[in-house]
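Student: One structure coming up, written as structure tokens, with questions to follow.
The values are calculated or read from the model by the stated rules, or taken from the named source; none is laboratory data. From a predicted model like this one, the values you see are computed outputs, not experimental measurements. Counting neighbours? That spans all protein chains shown, and the Cβs are built from the backbone with ideal geometry, glycine included.
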Amino acid sequence: MPCSSLAENKTGNTLAARLARLGLRTDADYVLHLPLRYEDETRITALEDAQPGIAAQFEVEVVDSEIAYRPRRQLLARVRDATGALTLRFLNFYPSQQKALQAGARLRIFGEAHDGYLGPEIIHPRFHVLLDDAPLPDCLTPVYPTTAGLGQATLRRLIERALQREDLTETLPAGVGERLGLPGFAAAVRFLHTPPPEMAQAALESRQLPAWRRVQFDELLAQQLSLRRAYPARRARGAPRLAPSLTLTASLLASLPFRLTGAQQRAWQEIAADLAQPHPMQRLLQGDVGSGKTVVAALAMLQAVEAGHQAALMAPTEILAEQHYRKLAAWLQPIGLEVAWLTGSLKKRDKDAAIARIGAGATTIVIGTHALIEDRVEFARLGLAVVDEQHRFGVRQRLALKEKGQFAHQLAMSATPIPRTLAMSYYADLDVSVLDELPPGRTPVTTKLVAEARRDQVVARVHEACRGGRQAYWVCPLIEESETLQLKTAEETYARLAADLPDLRIGLVHGRLKAAEKAAVMSAFVSNEIQVLVATTVIEVGVDVPNASLMVIEHAERFGLAQLHQLRGRVGRGTAQSTCILLYARPLGELARARLKVIFETTDGFEIAREDLRLRGPGEFIGARQSGLPLLRYADLEDAALVEQARAVAEDMLRDAPELAAAHLKRWLGGREELLKA
Ligand code: ADP
Ligand code: MG
């Protein structure tokens, strides 16, 4: 098979390959490939009216042209019209272009004039030779997003052809467009591809234009339709009814040293009702750090057990799993339940024993890490899978736990608040309960920004707090590019603090410690044998030590907003006034400065998440790139009103006009719908 690699190479660069790179396959794809901006070729500007820096079209005659060699090889053509003259300069050119620019040729050129060396000039104008009196186009010329090797002229031709071929029928049910004040589909896309010349370009490029609004709406609608379609599919599947008998849950509630907050009460009711349904629950419990998600999860797990099933809780780190284990064991063992513990660090014998008891159904409540989803772990009758800090797991891992039970219900928990619009768009197949209230008696955390130069004062502050019986976290600088370097820095920070604070007991915890060592340090901190815990971001999620009232974050400027918020949430859990000190080093980049400002001014997790979204963009925010969700091209998820309208229309359409919904999805997603099912 000679030349096969060559042939492959070639196909990688064919027109089709370039078009595919832009996602252009069907006529509908072309129709929805909308201009970035426009150029006005409907008018001819006289050369004397050329304005520097403003692109315009001129009609000229070539006076002469030559190849000049100074400062480097280039093609220069002098042109004129009745009002003035101009030089065209080409630093790269083809022989065919040189030939076209012969003296006497009449040209239409488009470009921005500048004052050059030899008077006014245009560098690399677009031009074509005028043979007869070619008519001027009667609409503005669209400029499309493109890729290397694919010219605007080709794209325009293909799009124009598709606009004629593709059937631009309306996919919105009658009356919906009028009610929402949106133009029809055909009119909107025709307008955007070929706008009339009297339209001001600034207005055209404004995404508030009704035609753009229509396209944005349609895009959001396609997303909603696609996600919502998964919903009835899930409801059609079966799951065990886990009806509440209120025996175990009532015992837990009676034994707790606190009462549920109103928000916890509501969330629990929502979950309890879902679990009693004969189809699988898929619910996200969202609540800021410290809002008390664990007890809600415990109640849900007890409902599963009451109904004769098992429940499992998976956490992303050993530290967190262990903490959940301790807390749940303390709550549940007194009411007579066995709580099992399964992580990678267990001795083989203990692990085998735990797996055997889970398989036999002897243990009803299981807490663990990724170890829970290993192949050899089998549950006798898993009824509920709880995943804590769900954003820390990949999609596949999240599903894996649920699939340990043939028809298990799933509860995901997250302390990274996802703005409502994002949650609605990306998780349309997920019901959401929100804990929007913190347990009473919390004192808000005071945040301070302190320059690195004043580190000594911060150390003195730690000393004072610990002498007064409180405890402190000291978070080491984040070094993303090297774990080894990160470890080294953590050890140095530890050594330095130990030297600065000889009368305090200081511990160090980081990701490289063996699980047992980590657990030993953590339990020493919980029992106040250690007063200052030096830590890398392993403590970011979930750690709960109410006596710790001071948190120092070194090089806070390197952390992301969500991370800072999570870290800060480790303090302010008891009754003492708590403080979070953000040590930062200059110079501060613009983004770092913006992040520190947000975290300094705001403690509301949802507000912080919104800012995070604004600073980073939705793709980064939600890990959508990894999950394969197509990002929106025209619409903006923060456009809450439009998202809400799309959602409502999607619901109506799936119920009343399924054939329109199918046509709409086909137009927008073609065969790519499977990507949305993550
Ligand atoms: P998170 O939502 O961050 O996971 P936790 O479940 O760890 O929060 O709860 C934080 C702390 O608040 C824990 O010590 C927990 O026992 C306590 N807590 C939870 N609910 C209440 C409540 N209603 N009243 C008082 N304290 C509560
Ligand atoms: Mg938690």
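Student: Could you run through segment 142-186 and say how many residues are under 16 Å from Arg667 (Cα atoms) and of a type outside the set (Asp, Glu)?
Tutor: 13
Student: I've got another one for you. Spot the failing condition for Ala267; the list is (1) among the small types (Gly, Ala, Ser); (2) touching a Gly at 6+ places or on another chain (Cβ under 7 Å); (3) assigned by TED's automatic domain parsing to the domain that holds Met281, and only one is missed.
Tutor: (2)
Student: When only residues in segment 309-320 that are under 21 Å from Leu382 (Cα atoms), of a type in the set (A, V, I, L, M, F, W, C) and within 13 Å of ligand 1 (Cβ to nearest atom) count, which is modelled with the lowest pLDDT?
Tutor: Filtering segment 309-320 for residues that are under 21 Å from Leu382 (Cα atoms), of a type in the set (A, V, I, L, M, F, W, C) and within 13 Å of ligand 1 (Cβ to nearest atom), the one modelled with the lowest pLDDT comes out as Ala315.
Student: Would you pick out the residues in segment 270-283 that are within 18 Å of Pro232 (Cα to Cα) and either within 16 Å of ligand 1 (Cβ to nearest atom) or assigned to a strand (DSSP E or B) (or both)?
Tutor: If the condition is that a residue be within 18 Å of Pro232 (Cα to Cα) and either within 16 Å of ligand 1 (Cβ to nearest atom) or assigned to a strand (DSSP E or B) (or both), then Gln282, Arg283 are the ones that fit.
Student: Test Ala330 against the criterion of being over 30 Å from Thr537 (Cβ atoms) and surrounded by fewer than 18 Cβ atoms within 10 Å (Cβ to Cβ), and give yes or no.
Tutor: No.
Student: Restricting to segment 254-313, name every residue that is in contact with a helix residue (DSSP H, G or I) (Cβ under 6 Å, 6 or more places away or on another chain), more than 16 Å from ligand 2 (Cβ to nearest atom) and acidic (Asp, Glu).
Tutor: Once the filter is applied, which keeps residues that are in contact with a helix residue (DSSP H, G or I) (Cβ under 6 Å, 6 or more places away or on another chain), more than 16 Å from ligand 2 (Cβ to nearest atom) and acidic (Asp, Glu), segment 254-313 yields only Glu306.
Student: Given the criterion touching a Phe, Trp or Tyr at 6+ places or on another chain (Cβ under 7 Å) and at pLDDT 80 or above, identify the matching residue among Leu596, Leu629, Leu583.
Tutor: Leu596
Student: In segment 564-611, how many residues are buried (at least 19 other Cβ atoms within 10 Å of the Cβ), closer than 25 Å to Ala465 by Cβ and without any contact (Cβ under 8 Å) to a residue 40 or more places away in the chain?
Tutor: 1
Student: Let me confirm something: among Ala211, Ala202, Ala254, which residue is assigned to a helix (DSSP H, G or I) and in the same structural domain as Gly308 (by TED's automatic domain parsing)?
Tutor: Among Ala211, Ala202, Ala254, only Ala254 is assigned to a helix (DSSP H, G or I) and in the same structural domain as Gly308 (by TED's automatic domain parsing).
Student: From the list Ala211, Ala103, Ala187, which residue is without any contact (Cβ under 8 Å) to a residue 60 or more places away in the chain, surrounded by fewer than 17 Cβ atoms within 10 Å (Cβ to Cβ) and farther than 19 Å from Leu47 by Cβ?
Tutor: Ala187
Student: Return a yes/no flag: does segment 327-347 have any residue that is more than 16 Å from ligand 2 (Cβ to nearest atom) and among the basic types (Lys, Arg).
Tutor: yes
Student: Could you figure out which of (1) aliphatic (A, V, I, L, M); (2) assigned to a helix (DSSP H, G or I); (3) within 15 Å of Trp331 (Cβ to Cβ); (4) within 12 Å of ligand 1 (Cβ to nearest atom) isn't true of Ala267?
Tutor: In the conditions (1) aliphatic (A, V, I, L, M); (2) assigned to a helix (DSSP H, G or I); (3) within 15 Å of Trp331 (Cβ to Cβ); (4) within 12 Å of ligand 1 (Cβ to nearest atom), Ala267 misses (3) alone.
Student: Let me ask something additional. Being within 16 Å of ligand 2 (Cβ to nearest atom), assigned to a loop (DSSP other than H, G, I, E, B) and farther than 16 Å from Val366 by Cβ is the requirement here; does Ser245 meet it?
Tutor: no
Student: Here's a check for you: in segment 465-485, which residue that is of a type in the set (A, V, I, L, M) and under 19 Å from Leu567 (Cβ atoms) is surrounded by the most Cβ atoms within 10 Å (Cβ to Cβ)?
Tutor: Ranking the qualifying residues of segment 465-485, first place goes to Val475.
Student: Right, here's the next one. Spot the failing condition for Glu306; the list is (1) modelled with pLDDT of 90 or more; (2) more than 30 Å from Val143 (Cβ to Cβ); (3) within 26 Å of the chain's Cα centre (by Cα); (4) away from ligand 1 (no atom under 15 Å from the Cβ), and only one is missed.
Tutor: That leaves (3) as the condition not met.
Student: One residue is enough: does segment 523-532 have a residue meeting the conditions out of contact with any Lys or Arg (no Cβ under 6 Å at 6 or more places or on another chain), among the small types (Gly, Ala, Ser), part of a helix (DSSP H, G or I) and buried (at least 19 other Cβ atoms within 10 Å of the Cβ)?
Tutor: Looking through segment 523-532, none of the residues is out of contact with any Lys or Arg (no Cβ under 6 Å at 6 or more places or on another chain), among the small types (Gly, Ala, Ser), part of a helix (DSSP H, G or I) and buried (at least 19 other Cβ atoms within 10 Å of the Cβ).
Student: Could you please find all residues in segment 245-262 being of a type in the set (Val, Ile, Thr) and within 16 Å of ligand 1 (Cβ to nearest atom)?
Tutor: Residues satisfying the conditions are Thr249, Thr261.
Student: Next question. Based on what the data block shows, is Arg326 within 16 Å of ligand 1 (Cβ to nearest atom), of a type in the set (Lys, Arg), in the same structural domain as Leu256 (by TED's automatic domain parsing) and without any contact (Cβ under 8 Å) to a residue 24 or more places away in the chain?
Tutor: Judged against the criteria, Arg326 is a match.
Student: When you look at Glu452, is it more than 16 Å from ligand 2 (Cβ to nearest atom), at pLDDT 90 or above and either surrounded by fewer than 17 Cβ atoms within 10 Å (Cβ to Cβ) or under 28 Å from Gly368 (Cα atoms) (or both), yes or no?
Tutor: Criteria met by Glu452.
Student: From the residues in segment 431-460 that are among the acidic types (Asp, Glu) and not in a loop (DSSP other than H, G, I, E, B), which one is nearest to ligand 1 (Cβ to nearest atom)?
Tutor: If we take residues in segment 431-460 being among the acidic types (Asp, Glu) and not in a loop (DSSP other than H, G, I, E, B), then Asp431 is nearest to ligand 1 (Cβ to nearest atom).
Student: Then there is this: Among the residues that make up segment 344-361, is at least one of them in contact with a Ser or Thr (Cβ under 8 Å, 6 or more places away or on another chain), outside any helix (DSSP H, G or I) and surrounded by fewer than 20 Cβ atoms within 10 Å (Cβ to Cβ)?
Tutor: yes
Student: Evaluate the following for Thr146: is it surrounded by 17 or more Cβ atoms within 10 Å (Cβ to Cβ) and not in a helix (DSSP H, G or I)?
Tutor: yes
Student: Which one is surrounded by the most Cβ atoms within 10 Å (Cβ to Cβ), of the residues in segment 486-521 that are of a type in the set (Lys, Arg), within 26 Å of Ala465 (Cβ to Cβ) and free of Cβ contacts under 8 Å to residues at least 60 places away in the same chain?
Tutor: This residue is Arg505.
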